[in-house]
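Notes follow the structure.
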Amino acid sequence: MTTAVPMTPRIALVTSDPVFAHGVDLTAVLIVVVKVLLAFGLLLVSVILMIWFERKLISDMQNRIGPNRAGPWGLLQTLADGTKLLLKEDLLPERADRVVYRLAPFLAAIPAFLIFTIVPIGGAVHILGHTTLLQVADPPIGILFLLAMSGVGVYGLMLAGWASGSKYPLLGAVRASAQMVSYEAALGLSVVAVVLVTGSLTTSGIVGSQAPHVWNWNVIRLGIVPFVVFLIAATAELNRPPFDLAEGDSELVGGFHTEYTSWLFSMFYLAEFMNTISWSAIMVTLFFGGPDGPVFHVPVLNFLMPIAWFAVKTFAFLFLYVWFRAALPRFRYDQLMNLGWRYLIPISLGWLLVVAGFQISLAVGAATFGAAVLVALVLPRAFAVGKARHEESGGHDFDRVGG
Amino acid sequence: MLAVTITIPDLVTFVLAAAIVLVAAIGVVVSRSPVHAALCLVATLFGIAVLFVEQNAEFLAAVQVIVYAGAIVVLFLFVIMLLGVDREEAIGKDPLRAQRPLGVLLGLLVLAEVLVLSRLSWPIGQPHVAGPVGGPSSNVADLARAVFTTYLLPFEITSALLLIATVGAVVLARRPPRSAGQPGAATGQPGRATGQPGGAIGQPGGATGRPALDGASQPDAADETGTVRSPEREGAPR
């Protein structure tokens, strides 16, 4: 605390972007505005392509043809569907809460875009005498912003279900909120492991620390477990199959968005796919080195290399999500809660301890790992013995009541 | 360091955020529907988070949004939905009339206190009250150093207190296990064993007691959420 740190003028939230190195001037602001618009346009176009890709791929996996009428290979199908959707009548259910009903789709869509703003999609570029990072914002709290936005994203689903004023949406909303709050814990713990190793909260810092080699990527450095936990928890946050209980079309009609029509419905649709892309991009950032990858030197187009790597990696995750949807059946509610609370949280907590041990030294890490394995082996046995003894002594129903 | 000039963007941000905080805070108090009040609370918390950012306390802002907006108010709403208390309250029929003048009096007192204190000892117009600001994450680093060195004991005691509170809530919330020696335990009270129909979610008014026309969606929803809730409850304490 004794070292005097020189005071530097800072602008909160977008500070580490070198575009503000010389203070805020009109060009810098303009660059930021352009970046916002570009990112939004990029995300929208990606969503349109992603919807087409998902339908096409899942058709292939189910031995169907899929959309093939509008445009070459059905590429324009999404635009056709979107136009039709926007031209439909905008219905307001009689029992709906007017304000909240119209607010909810925005609360779902805006965080989905905001998550994407902190993703670095390339290295630094030079424009108009300014150097800027290829990400909309690089806040010093970086990855906490992700957690904050995923927390806010719950409101969209929850309020949509409540404000519709009928039972299926309400059930979907209750499921969605319980699910998302539960899995946020596991999500946060696996992010903590990443932050522990990289020593930085900013997304650019996290990407930078994984830079030189493939075996320096967090997925390998952290020993795959935090990544798997994050992948499962992120899928649950996204409400995508196999965690789509909030929609659950076979039991809840459409879940939280049952009553929605027209452009309000399209907002939910947009939000879901923006979220899928944003979270895939976040996974690439946290665990797969972001835009990092072997660079071949191509004159002039050098700056496109990292962007290409980023796109390829993100695409791999998008493929994975479609694959999940085609391959996995939906979880039952109790299975969902068991997985979240009984497995993911203890596993990520234990693994966090092991990662922390390895940060100190190899010996401490190995010892922690051994202890963790021992506990993991002994604890279930202890529970089983205790349960058996309890049932022997006549007390039954113990486990089901509360503990 | 003391002479901090207030720039126009700073001023605009502050005024906007302060307006959001004030309007939403009034909304919390005047809203008739509990859900609207909770939403106004979220808006208030967001405005405060913006004010934190304005003071260069980004970490505090993030935690504010994650913990309060992202978790606590979500739980409020969750409970409101589960219990079906989301009908508008008749504020006119306030059973505690004497509280109103007392409330006004207390409010004025607190306002006066804040005004006096702000004159006396609060550092005003000095953004970096949290400590020196240097690198990109110094905010977090400073806070972490303070929490894990200077204030380690209070921090640990607080977390232990929260843990005790959680365990206590779990113990209080669960129904007492039926012991074998208790008379009638073998047959089991029918209400216990099957779960009181409709009242499984602990709604004293009884979802079944309400006329069907009054809340056409609510009784079914309550029943369903009752069944939905039990596995969640089973897992929650772990």
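Here the Kirkwood formula puts the hydrodynamic radius of the range A:18-172 at 18.9 Å, using every distinct Cα pair. Between A:W263 and B:V79, the modelled labels are 3.9 nm apart [label points 7 Å from Cα along Cα→Cβ]. The calculated P(r) of the range A:178-253, using every Cα pair and 5 Å bins from 0, goes 3, 16, 21, 19, 15, 11, 8, 4, 3, 1 in percent. From the square roots a ≥ b ≥ c of the eigenvalues of the alpha-carbon gyration tensor of chain A, which class results: rounded (a/c under 1.5), prolate (a/b over b/c), or oblate? It comes out oblate by the Cα gyration axes. Check cross-link reach from A:K84 to the lysines: straight Cα distance under 24 Å, and skip same-chain residues fewer than eight apart. Result set, ordered by chain and number: A:K56. Note on chain A: GNM, Cα springs under 10 Å; of A:V385, A:V355, A:V36, the largest mean-square fluctuation is that of A:V385. In a DSSP loop and with at most 12 other Cβ atoms within 10 Å, the chymotrypsin sites (Phe, Trp or Tyr not before Pro) in the range A:243-339 are A:F296.
Gap in Å between the Cα centre of the range A:34-68 and the Cα centre of the range A:160-201? Comparing the Cα centres of the range A:160-201 and the range A:34-68, I get a distance of 25 Å.
For the peptide A:141-153, the mean number of other protein chain Cβ atoms found within 10 angstrom of a residue's Cβ is 6.
With charges only on Cβ, +1 for K and R and -1 for D and E, what is the dipole size of the range A:95-331 about its Cα centre, in debye, rounded to 20?
80 debye
Around the amide H of A:G123, modelled in the peptide plane, lie the amide H atoms of A:I307, all under 5 Å away and 5 or more residues distant in sequence or on another chain.
Give the residues of the range A:243-269 whose amide nitrogen is closer than 11 Å to a point set 7 Å from the Cα of A:L86 in the direction of its Cβ. Only A:263 fall inside the zone, counting backbone N under 11 Å. Annotation: extensible slack from A:V125 through A:R332 equals 69.7 nm (criterion: 0.36 nm per residue apart, minus Cα-Cα distance). Kirkwood radius for the range B:9-88, taken over all pairs of different Cα atoms as the inverse mean of 1/r, rounds to 13.1 Å. Across chain A, the relative contact order, built from alpha-carbon pairs under 8 Å that are at least six residues apart, equals 19 percent.
For chain A, modelled as a GNM whose springs connect Cα atoms under 10 angstrom apart, the maximal fluctuation among A:A271, A:A80, A:A382 occurs at A:A382.
Read-outs: derived from the displayed coordinates by stated rules, not from any lab. Because the structure is predicted, anything quoted here is derived from the model rather than measured. All Cβ positions, glycine included, derive from the backbone under ideal geometry; neighbour counts span all protein chains shown.
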